[in-house]
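One structure below.
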Amino acid sequence: MQTFLLLTACYLVFAIPAAIYDSRTFRVPLWYVGLGAIALIVFYIFHPYPFSPTFKLFGLGNPFVAAVSAAVIYVLARFFTGGALGWGDVIFGTFTAMYTGFPLVFFATAFSALCGLLFYLALAVRDSWQKKQRFVFRPIFAIPYVPFITFGALLAQVLFRFFF
């Protein structure tokens with residue numbers, strides 16, 4: 001439990017400021033995310049198995065397998081959305097995968113996509129009500145995605161750490 005809390009604190013030190021920065025500027029500070037990745041690598045050197053016993057796949061390589069998996073998922077998402085997902089989001093998603101670990105990266109990605117979609121739909125409905133128009137299914141505005149990646153990772157970690 002103590003290792004999990006230290007890992008989460010190490011992740012949040014870098015994730016929360018990046019999420020705030022992305023919310024305000026629609027940019028991801030890549031140098032800061034790089035520092036976070038280095039901090040997680042150093043953490044894993046001193047705490048090689050912070051994952052639950054069920055998820056000890058690949059040993060110390062677990063965060064790296066998760067990072068490669070996330071990179072593939074986010075690059076495919078960027079390709080299929082026509083570039084709507086920025087490269088900063090792809091890099092931040094890869095950094096977040098190092099925090100969640102291999103199997104949880106898929107749940108964290110799904111949770112972040114679901115939360116982002118629900119937030120977007122809520123804003124689209126609110127926007128259509130304010131303009132007294134009918135709701136249309138087309139891109140109306142952009143949303144910062146780093147806060148949703150962070151929330152999805154935390155949700156996946158908490159759900160699977162404490163309930164499964």
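The values are calculated or read from the model by the stated rules, or taken from the named source; none is laboratory data. None of the values given here were measured: they were computed from a predicted structure. Positions of Cβ are generated from backbone atoms using ideal geometry, with glycine treated the same way; all protein chains shown enter the neighbour counts. Side chains included, ligands, DNA and RNA excluded: accessible areas come from the protein's heavy atoms. Shrake-Rupley method; radii C 1.70, N 1.55, O 1.52, S 1.80 Å.
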Fill in: Chain lengthening between F106 and A71 when straightened (0.36 nm per residue, less Cα-Cα)
11.5 nm
Discussion item. Residues of the range 90-130 with backbone nitrogen within less than 17 Å of a virtual label 7 Å along the Cα-to-Cβ line of A84, please, listed as ranges.
Written reply: 90, 110-128
Fill in: Residues of the chain: accessible area per residue with a 1.4 Å probe, Å²
56
Worksheet item: Tell me, in nm to one decimal, what length is gained between V42 and L60 on full extension, where the rule is 0.36 nm per residue of separation less the Cα-Cα distance?
Response: 5.3 nm
Worksheet item: Stretch S128-R27 to full length: gain in nm at 0.36 nm per residue minus the Cα-Cα span?
Response: 33.7 nm
Discussion item. Would you calculate the convex hull of the Cα atoms in the range 82-134 and tell me its volume per residue in Å³?
Written reply: 99
Discussion item. Could you report the accessible area of Y145 in Å², rounded to 10, computed with a 1.4 Å probe on the protein chains as they sit in the structure?
Written reply: 40
Response to the item:
Ignoring ligands and nucleic acids, R161 exposes an accessible area, probe 1.4 Å, in Å² to the nearest 10, of 60
Worksheet item: For the chain, what % of the accessible area comes from carbon and sulfur atoms, probe 1.4 Å?
Response: 74
Worksheet item: At q = 0.08, 0.15, 0.16 Å⁻¹, what is the log10 ratio I(q)/I(0) for the chain, with the Debye formula run over Cα points and no solvent?
Response: -0.25, -0.79, -0.88
